[in-house]
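Input: a single structure, listed below in structure tokens.
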Amino acid sequence: MTSTGLTRPGERDRLIVKLGEIDWIFCLVLTLIATAGGMMLFSINGSKWMPWAAPHLIRYVVFFGIMIVLALVDLRIWFALAYPIYGIGLLLLAAVLVVGHHALGAQRWLQAGPVQIQPSEIMKIGLVLALARFYHGASGRTARWSWWLLWPAFLILAPVALVAKQPDLGTALLILMTGGVIMILGGLSWKIIAAGVLGVVALVPPVVMFALHGYQRARLLTFLNPESDLSGSGYHIHQSEIALGSGGLLGKGYGLGSQSQLNFLPEKQTDFIFSALAEEFGFVGCVSIILLYAAVIFMALRTAYISHSHFGRLAAAGITVTFALYVLINGAMVMGLAPVVGVPMPLLSYGGTVMLTVMVGFGLVMAVRVHRYSEVTSGKGSLM
């Protein structure tokens, strides 16, 4: 076989086939959400591209390319890298506590020159991969009830403890819930699930009283009684609810949201961008964005369903659960249905590390789709 250019004809044909297997409608929906985010960042900054809208859109284009490249990576490579990626993420989380960069009262970032890295975002991918690899090699009996379950429990609780120490309660809860859902999907016994739920309920009072930081406890109490401190800990939610309610059915119009334009709405470019969107585009705009998120979640879960590999199914499902939790927690937070925990709305909010995590995760989901007929072997009887 003769070569043509940089690739042989057979290799080029296989590349074209793989590109054809990518769900381009899924990619279009992601692009619509990111574009809506860019439009909102442009609007709430007084119709200026910098410093939010332009970087947001440029990052998306770059990360979209990364997602497509990762979609072509064979699942066996993802499988081989599962534990190393998790291990690197855990080491970086430990490094944050020693040499991490302080900002906004927290120590969550590693500084590398002009670049800031948030290792907790890397861990979201690493945890999903590590748990998917464990359950791929586990028997049904092992996954349901055995001492081997202490291993996935450790995989989950180690990063949760490190992230909570930063402190970043929102991300710690998101990692904990993602890991718990993957264990359930892996076949965990309902008896352990019930015991775990009861244990969590029993731990809530002592954790709130003795483990939470003062500001975290204040946020929780404000959630239970929003009117208690409207000028202090309740200010964020109060302004968010004003923005949500004032939008009405169709909104005030693009660029005409008083809460965001006059800077009454705090963290309008990150945590509360959905509130800004509600004010400008109303109920119809909110429903439209939620439908786009629902379409992403549905298509990603469909990819998990059609995979022939147990590793692929759990990896795609785990990434989708993480994304869905982002949307659910942020939506509930801005509506006053959950405490303020600093979880952004994915692809809509400004933030490079979160966007990179989402796009790398969806690169894995697309890899599962492209290689859905592949069988990933780990050696029968091997749990690791």
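Observations
- Residue check for residue 132: of a type in the set (A, V, I, L, M, F, W, C) and in contact with a Gly (Cβ under 8 Å, 6 or more places away or on another chain): yes
- Selected residue [open to solvent by 30 Å² or more (accessible area, probe 1.4 Å) and closer than 25 Å to residue 41 by Cα] from 66, 77: 66
- Candidates 345, 359, filtered to the one that is in a helix (DSSP H, G or I) and open to solvent by less than 10 Å² (accessible area, probe 1.4 Å): 359
- Of all residues in the stretch 242-279 being acidic (Asp, Glu) and in a loop (DSSP other than H, G, I, E, B), the one that is surrounded by the fewest Cβ atoms within 10 Å (Cβ to Cβ): 267
- Within the stretch 165-185, the residues that satisfy the criterion of being open to solvent by 40 Å² or more (accessible area, probe 1.4 Å) and of a type in the set (A, V, I, L, M) are 169, 173, 176, 177, 181, 184, 185.
- Criterion violated by residue 325 - all others in (1) without any contact (Cβ under 8 Å) to a residue 24 or more places away in the chain; (2) assigned to a helix (DSSP H, G or I) satisfied: (1)
- In the set (1) within 17 Å of residue 370 (Cβ to Cβ); (2) of a type in the set (A, V, I, L, M, F, W, C); (3) buried (at least 18 other Cβ atoms within 10 Å of the Cβ), residue 325 fails one condition alone, (1).
- Subset of the stretch 162-188 [within 18 Å of residue 136 (Cβ to Cβ) and of a type in the set (A, V, I, L, M, F, W, C)]: 181, 182, 183, 184, 185, 188
Conditions (1) open to solvent by less than 30 Å² (accessible area, probe 1.4 Å); (2) under 18 Å from the mean Cα position of the chain (by Cα); (3) at negative phi; (4) at pLDDT 85 or above, marked per residue:
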{"residue": "124", "(1), (2), (3), (4)": "yes, yes, yes, yes"}
{"residue": "137", "(1), (2), (3), (4)": "yes, no, yes, no"}
{"residue": "143", "(1), (2), (3), (4)": "yes, no, yes, no"}
{"residue": "148", "(1), (2), (3), (4)": "no, no, yes, no"}
{"residue": "159", "(1), (2), (3), (4)": "yes, yes, yes, yes"}
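- The requirement of being part of a helix (DSSP H, G or I), over 21 Å from residue 134 (Cα atoms) and open to solvent by less than 10 Å² (accessible area, probe 1.4 Å) is fulfilled somewhere in the stretch 297-304, by at least one residue.
- Yes/no for residue 97 being in contact (Cβ under 8 Å) with a residue 12 or more places away in the chain and within 30 Å of residue 12 (Cβ to Cβ): no
- Look at the stretch 199-222: where a residue is more than 22 Å from residue 162 (Cβ to Cβ) and open to solvent by 70 Å² or more (accessible area, probe 1.4 Å), no partner that is basic (Lys, Arg) and modelled with pLDDT under 70 sits 6+ places away or on another chain with Cβ atoms under 6 Å.
The values are calculated or read from the model by the stated rules, or taken from the named source; none is laboratory data. Remember, it's a predicted structure, so these values are computed and weren't measured experimentally. All Cβ positions, even for glycine, are placed from backbone atoms using ideal geometry, and neighbour counts span all protein chains on display. Surface accessibility is based on the protein's heavy atoms, side chains included, excluding ligands, DNA and RNA. Shrake-Rupley method; radii C 1.70, N 1.55, O 1.52, S 1.80 Å.
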